[in-house]
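Notes follow the structure.
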Amino acid sequence: MIQDAKNRPVSELFDVDSKVVYVVPKYQREYTWTKAQWEALFDDLEENDPGYFLGSLICINQSKDSLDIQKLEVVDGQQRMTTLSLFFAAIFAALKKRDIDLDEDQRLDLANLKRKLVLKGGNDQIRFVPQTQNHNLSDYKAVLAENNMIGACDAPPYAGNRKIFRAYRYFRERIEEIENGTEGLSAVLKMLDKLNRACLVKIEVANHADAYTLFESLNNRGMPLTAIDLIKNKLLARLESIEPGKVADYSEHWNRLLGYLGDDNTVQERFFRHFYNAFRDDLKGIGQVPLATRSNLIRVYEKLINNDAKECLRRISEAGKFYSLILSRNQDYPLNGLEKPFKSLERIQGAPSYLLILYLLVKKEELKLHSNDLEKIANLLIHFFVRRNLTDIPPTRDLTRMFMTLIDRLQGFAGTDVVDAVRRQLMAVSATDGLFRQKLEGQIYEENSGVARFILCALAEEGMTKETEVDLWRFENKQFLWTIEHVFPQGENIPEPWIDMVSNGNKER
């Protein structure tokens with residue numbers, strides 16, 4: 001069934017001397033990746049060593065003549081291949097702009113970049129051929145033509161609003177950011193090297209029946225082990241080697257921890273990242289990793305477990321109890337007024353700040369924080385995320401490091417000084433009132449329905465009494481459409497109290 005299956009670096013898949021063309025058939029769906037996937041790809045490559053694994057690629061190879069161009073039909077992996085091609089095009093554009101600064105070897109890299117995307121021969125044969133739905137192929141060719149990699153090609157109407165061009169622009173912007181950093185051009189070349197050396201398992205089959213069988217087998221055979229499963233296995237194995245016969249006790253201890261976090265693997269993984277990132281200074285002598293991410297999480301905890309498995313379990317279990325308070329899963333610990341702000345923070349998609357809140361809860365006594373101090377900080381974070389989620393300032397990719405930096409800046413503060421420090425930092429990184437007002441008075445329920453819903457609920461709750469109080473969040477999203485149109489019409493002035501309410505006290509901005 002399988003003709004060939006090997007782990008291939010991206011540079012080999014886009015080999016400049018090969019006559020291989022990857023074609024996405026018409027029956028495949030259009031390009032659907034969004035900023036979340038583009039950001040994850042860029043961050044994973046940037047934060048990990050060369051050779052990062054990107055997944056699999058399944059192709060049908062029906063070529064007969066090895067001397068002719070081999071057209072491989074992409075059955076699975078077209079989203080990755082489209083994105084990688086656009087990533088290469090963005091790096092090509094950045095290097096071409098700096099052509100005068102390139103040495104001889106770097107100019108060769110630039111020439112090879114073109115040949116990764118366009119075959120030699122002068123006939124504009126592109127190596128990766130997207131399918132035609134929603135102008136994917138036309139938009140992709142327009143990106144290449146914009147960089148003079150193929151002949152002139154007019155972009156279809158509204159190409160800039162579709163995902164092919166948006167992905168290309170996203171990578172251009174990220175590359176420009178690293179180019180403007182301290183490493184300059186060398187940072188761009190380093191990213192190119194990481195992209196070239198990233199790996200995909202390329203699997204070739206002979207026909208559609210084999211491809212379908214393989215695809216079903218890869219995607220539907222059992223439940224894959226998660227990062228948390230692997231951490232658990234490593235931890236219990238280590239503890240069993242230290243104290244033989246007690247693995248059942250430690251397993252029960254672990255299960256209590258997961259009971260605090262719930263069954264959602266996304267929440268579990270987020271907690272393990274937040275724990276390390278919040279207490280990095282206490283752990284850096286062990287882990288020596290500046291930032292825990294999805295991709296390096298297992299490596300981080302392997303080091304912590306190898307250093308002291310019992311202490312690792314003790315600390316994450318203690319932190320898990322506090323994290324359960326944020327998740328409203330621990331009824332045994334008095335929240336003293338924090339239930340509502342924590343729930344509001346969840347509803348405004350403020351989970352990135354759980355890293356900070358976890359730190360404050362664990363260090364509550366040391367920082368001399370009272371419940372009202374924590375309530376004030378939670379409300380500051382709610383206001384911050386209303387503004388951030390509508391304006392995208394600061395960008396999502398900066399939030400984890402922003403909260404880690406804030407934790408570093410809290411050293412030496414106590415009590416109300418902690419609250420003031422949090423307020424100052426959030427004010428410093430937030431969008432201005434002018435931009436926020438502009439977003440509020442724009443297409444708010446089309447651009448971010450979650451923020452629109454939160455604002456509507458908050459405005460309605462302002463006018464409620466105990467007798468008229470209603471939990472508006474029990475309604476489905478569709479039931480809010482009528483409310484949006486009739487209570488908060490597009491383009492109407494936003495009430496001044498609401499602007500004041502989410503200004504974090506930053507009226508002068």
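Looking for something of a type outside the set (Phe, Trp, Tyr), in a strand (DSSP E or B), over 29 Å from the mean Cα position of the chain (by Cα) and over 18 Å from LEU117 (Cβ atoms) - is there at least one such residue anywhere in the stretch 76-91? No, because not a single residue in the stretch 76-91 is of a type outside the set (Phe, Trp, Tyr), in a strand (DSSP E or B), over 29 Å from the mean Cα position of the chain (by Cα) and over 18 Å from LEU117 (Cβ atoms).
Specify the residue that is farthest from GLN37 (Cα to Cα); the eligible residues are those in the stretch 384-400 that are free of Cβ contacts under 8 Å to residues at least 60 places away in the same chain and either in a helix (DSSP H, G or I) or among the acidic types (Asp, Glu) (or both). Of everything passing the filter in the stretch 384-400, PHE385 is farthest from GLN37 (Cα to Cα).
State yes or no: is ARG401 of a type in the set (Lys, Arg) and under 14 Å from ASN277 (Cβ atoms)? In short, yes. Residue count for the stretch 27-70, restricted to those that are charged (D, E, K, R) and closer than 25 Å to LEU119 by Cβ: 4. Considering the stretch 145-177, the residues that are closer than 24 Å to VAL75 by Cβ and assigned to a helix (DSSP H, G or I) include one that is nearest to the chain's Cα centre (by Cα), namely ALA167. Of the residues that sit in the stretch 320-335 and are modelled with pLDDT under 90 and open to solvent by less than 30 Å² (accessible area, probe 1.4 Å), which one is nearest to LEU356 (Cα to Cα)? Among those that are modelled with pLDDT under 90 and open to solvent by less than 30 Å² (accessible area, probe 1.4 Å), it is LEU335. As a summary of the residue check, VAL75 satisfies the conditions (1) closer than 27 Å to ARG172 by Cβ; (2) open to solvent by 10 Å² or more (accessible area, probe 1.4 Å) except for the one numbered (1). Of all the numbered requirements in (1) within 14 Å of LEU189 (Cα to Cα); (2) among the basic types (Lys, Arg); (3) in contact (Cβ under 8 Å) with a residue 12 or more places away in the chain, LYS97 misses one, and that requirement is (3).
Please tell me if ARG115 is open to solvent by 50 Å² or more (accessible area, probe 1.4 Å), closer than 26 Å to GLU39 by Cβ, touching a residue at least 60 places away in the same chain (Cβ under 8 Å) and in a helix (DSSP H, G or I). For ARG115, the condition - open to solvent by 50 Å² or more (accessible area, probe 1.4 Å), closer than 26 Å to GLU39 by Cβ, touching a residue at least 60 places away in the same chain (Cβ under 8 Å) and in a helix (DSSP H, G or I) - is not met. Exactly one residue out of ARG509, ARG423, ARG437 is modelled with pLDDT under 60, surrounded by 13 or more Cβ atoms within 10 Å (Cβ to Cβ) and of a type in the set (Lys, Arg): that is ARG509.
Counting only helices (runs of 4 or more DSSP H) wholly contained in the stretch 265-326, the ones carrying 1 or more residues that are more than 25 Å from the chain's Cα centre (by Cα) and under 24 Å from TYR52 (Cα atoms) occupy 280-287, 297-326.
Residues in the stretch 98-112 that are assigned to a helix (DSSP H, G or I) and either charged (D, E, K, R) or within 17 Å of ALA145 (Cβ to Cβ) (or both): ASP99, ASP101, GLU104, ASP105, ARG107, ASP109. Is it fair to say ARG107 is within 20 Å of LEU119 (Cα to Cα), basic (Lys, Arg) and open to solvent by less than 60 Å² (accessible area, probe 1.4 Å)? Against the criterion (within 20 Å of LEU119 (Cα to Cα), basic (Lys, Arg) and open to solvent by less than 60 Å² (accessible area, probe 1.4 Å)), ARG107 does not qualify.
If you check ILE60, ILE2, which single one turns out to be closer than 29 Å to ASP210 by Cα, among the hydrophobic types (A, V, I, L, M, F, W, C), open to solvent by 40 Å² or more (accessible area, probe 1.4 Å) and out of contact with any Gly (no Cβ under 7 Å at 6 or more places or on another chain)? Only one candidate qualifies: ILE2.
Looking only at the stretch 234-250, residues that are outside any loop (DSSP other than H, G, I, E, B) and at pLDDT 85 or above come to 11 in all. Each residue in the stretch 12-55 was checked for being open to solvent by less than 60 Å² (accessible area, probe 1.4 Å), assigned to a helix (DSSP H, G or I) and not charged (D, E, K, R), and 6 of them qualify.
Is it the case that the stretch 351-358 has a residue that's touching a Leu at 6+ places or on another chain (Cβ under 7 Å), among the aliphatic types (A, V, I, L, M) and either assigned to a helix (DSSP H, G or I) or open to solvent by 20 Å² or more (accessible area, probe 1.4 Å) (or both)? Taking every residue of the stretch 351-358 in turn, at least one turns out to be touching a Leu at 6+ places or on another chain (Cβ under 7 Å), among the aliphatic types (A, V, I, L, M) and either assigned to a helix (DSSP H, G or I) or open to solvent by 20 Å² or more (accessible area, probe 1.4 Å) (or both).
Restricting attention to the stretch 125-167, the residues that are among the aliphatic types (A, V, I, L, M) and either in contact (Cβ under 8 Å) with a residue 60 or more places away in the chain or in contact with a His (Cβ under 6 Å, 6 or more places away or on another chain) (or both) add up to 5.
The values are calculated or read from the model by the stated rules, or taken from the named source; none is laboratory data. Computed from a predicted model, the values in this text were never measured in an experiment. When we count neighbours, we look across all protein chains shown, and the Cβ atoms used for this are built from the backbone with ideal geometry, even at glycine. These area figures cover heavy atoms from the full protein model, side chains too; ligands, DNA and RNA do not enter into them. Shrake-Rupley method; radii C 1.70, N 1.55, O 1.52, S 1.80 Å.
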